[in-house]
Amino acid sequence: MSETLLEVRNLKQYFPVKAGFGKRIPLKAVDDISLTVGRGETLGLVGESGCGKTTAGRSILRLYEPTAGEVIFDGEPVTAKNITHMRKRMQMVFQDPYSSLDPRMTVEDIIGEPLDVHHLCAGRGERRERVLELMSFVGLNAEHARRYAHEFSGGQRQRIGIARALAVDPQFIVCDEPVSALDVSIQAQVINMFEELQEKLGVAYLFIAHDLLVVHHISRRIAVMYLGKIVEIADADELNEHPVHPYTESLLSAVPIPDPDVTRARKRIILEGDVPSPLHRPSGCPFRTRCRCAVEQCAQECPALTDRGGGHQVACWVR
Amino acid sequence: MSEKLLSVQDLHTSFFTDAGEVQAVNGVSFDLDPGETLGIVGESGSGKSVTAYSILQILADTGRVVGGRILYKGQDLSAWSEKQMQGFRGKNCSIIFQDPMTSLNPVFTIGNQLNEAVVLHTERRGAEADARVRELLELVGINEAERRMRQYPFELSGGMRQRIMIAMALACEPDILIADEPTTALDVTIQAQILELIQSLQKKMGMAVILVTHDLGVIADLCDNIVVMYGGRICERGTAREIFYNPKHEYTKGLLRSIPNVNNMKKKLEPISGTPINMLNLPRGCAFCPRCGAAMKICLTQAPQELVINDEHKAACWMNVKEACEEVRAQ
């Protein structure tokens, strides 16, 4: 059994966008990304809104049909044919705990639905037993099984979403911004739960978020995305202490740290302007228009991810 | 000490809903000096935004200030007429909101909307007003002012729209700028741009800023003084260093322990247990006591009074009384 659980190779996800006169141009939401997730590991995926991190997560689970590229799960390629079967092993937790739960279903039915779909329980009694077990796993009161989603707070709803994902006993979960809709005091509860579940069940996560401090806390490795491309992947601590790509560097310096002395002593690198539209992406390196060290070569050719030692991969011509 | 720029004294604001009276703000007091940056921090439902709206009297129809006074340069705002308040808003005190998309009018151009603010509050008209709009756009770092003035809000990015909002708020150089979660809807790199803009404008124009946010990082970065709110009351107030390095309220302590920081990356976070407060059903004693790990008997029945910790720090938590008693006993 290899150590790699999930391997994504040259994944591309383009969406056709109408451009007038019956013309369609591709919006390259995810453009040729490759990454691996080890067994029981957490890979953080960070980037600004519109960089394609959510699309990447959804394409991996084939919620979208990828334009090109391969996803290999546990040595087996994931295809349109075997995806139903594969979803027993890979699941997803969604960002918005308000819209991702069916308001007409009780908690018991929400958590039990994956069990029905995959025929994992023989009878009603067994199903109920499993649902209650899952509820206690994520810290929900078993008495609440008959309630509807709207009767719960945001943090509790996110727990329901997590219990649903865990129902099929997956080895891998894509967590798409699972804590960003929650209050600060509740975030820590949910982050801790993710960590505890990983220790107990050995499940691997692709943890997608824009909050770098949260991602750093939960992840072993972090991948940084910009305009559909991965610009840097490294060990979480390594990335925070020695960022190489100019984008990673400015992203990290822009995060306000909740510590007055530390955050005021830091030197900020403020990026000029906004992220360009993915419809009109710059030639060559996508970041060159906002980069302070861009050279001529950056406009001509897009740099590939290269290993700079110890698994620290960077896509940059200059550094 | 000279007169305070703004003084909020024992403010009570309630919303009268079908389910009953919701006491959103429950006895909040603070002062604001000219040029100061005050941070109001709290989670959703803590009453931080309602406090800000109460100052400007822009509450929703069901909401009303039911007690307390708000003094602007010594004058009581509650005695002012609606007409006077209209002058106060914009000229003396402006606000920028969280979501710049919903606070700009989608059917008017940027130039049109900025022009309105200038014409309403100043003597400038026509070309003179337009010149002022261009000046404002330059002030907030927007290039190609001419082109931007002809554009509609949907043509601009989130960061750009927030700059427009700031330009509008600064149209008549107010003494106080209230920023209600100004960067929550923005990405980190854009957030850094906007925060720096607010800081530099503050330096240039010498106005006071009230920054309302839930993000302790933003607060740590910008604020001189901090007010921590929970359940409509102030838990703790003090200088930024006092609040972050010497917290004296169990809620603040819990909050600081529960967020990922540079120092606790390898450790488990210590979350605050329980669920956020239900404002319809406030506890009798301290608002935080149902979630507090250190709650005592008295916390359940009696709301704590604010206690002076030192010159720069006050906190409303019974734990401090307990500690003080123990100290006295030990002596």
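Data overview
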quantity	calculated
Gap separating the Cα centres of the stretch B:209-277 and the stretch A:249-319, nearest whole Å	30
Folded to 0 to 90 degrees: helix B:126-139 orientation relative to chain B principal axis, Cα	50
Intensity falloff of the stretch A:184-243 expressed as log10 I(q)/I(0), Debye formula with alpha-carbon point scatterers, at q = 0.29 Å⁻¹	-1.26
Tilt relative to chain B, helix B:82-91 - C-alpha long axis, 0 to 90 degrees, to 10	80
Cα-based convex hull volume of the stretch A:100-168 per residue, rounded to whole Å³	76
Unmatched cysteines, chain B - criterion: no other Cβ of a Cys under 4.7 angstrom	B:Cys93, B:Cys172, B:Cys223, B:Cys235, B:Cys292, B:Cys317, B:Cys325
Alpha carbon Rg of the stretch B:1-91, scaled by the compact-globule rule 2.2 N^0.38 Å	1.10
Shielding by partners - mean other protein chain Cβ count within 10 Å, residues of B:183-195	6
Directionally averaged projected area (convex hull, Cα atoms, the protein assembly as shown), nm²	34.4
Rg/Rh (Cα only; Kirkwood hydrodynamic radius) as it applies to the stretch B:243-331	1.00
Cα-Cα pairs of the stretch B:43-170 separated by more than 23 Å (percent)	41
Volume of the Cα convex hull of the stretch A:263-319, divided per residue and given in Å³	130
The stretch B:104-140 and the stretch A:60-84: distance between their alpha carbon centers, rounded to Å	53
Fraction of alpha-carbon pairs over 37 Å apart in chain B - percent	21
Order by protection proxy (mean Cβ within 10 Å, highest first), peptides B:285-293, A:229-237, A:156-164, A:93-101	A:156-164, A:229-237, B:285-293, A:93-101
Sequence-separation-based contact order of the stretch A:100-168, relative, with Cα cut under 8 Å and 6+ spacing, percent	50
Mean separation of Cα contacts under 8 Å (6+ apart) over length of the stretch B:69-202, as relative contact order %	36
Orientation-averaged projected area, Cα convex hull of chain A (nm²)	19.0
Segments B:61-71, A:42-52 sorted - mean Cβ within 10 Å per residue, highest first	A:42-52, B:61-71
Other protein chain Cβ atoms within 10 Å, averaged over every residue that makes up B:234-240	1
Separation of the B:Glu155 and B:Arg284 label points, Cα + 7 Å toward Cβ, nm	6.2
When each of A:Lys12/B:Lys266; B:Lys4/B:Lys297; A:Lys200/A:Lys267; A:Lys229/A:Lys267; B:Lys4/B:Lys314; A:Lys88/B:Lys266 is checked by Cα-Cα distance, pairs over 29 Å	A:Lys12/B:Lys266; B:Lys4/B:Lys297; A:Lys200/A:Lys267; A:Lys88/B:Lys266
10 Å Cβ neighbours from other chains, averaged over peptide A:214-220	3
Phi-based couplings in Hz for the stretch B:149-157 (Karplus 6.51, -1.76, 1.60; Gly and Pro marked x)	5, 8, 8, 9, x, 5, 7, 10, 7
Among A:116-128, A:65-77, B:313-325, the order from most to least packed when residues are scored by Cβ within 10 Å on average	B:313-325, A:65-77, A:116-128
Relative contact order for chain A, counting Cα pairs under 8 Å that sit 6 or more residues apart, in percent	20
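Only the coordinates and a few stated rules stand behind these numbers; no lab work does. Only a predicted model underlies this, so the values are computations on that prediction, with no experimental measurement involved. Note: ideal-geometry Cβ built from the backbone for every residue, glycine included; neighbour counts use all protein chains shown.
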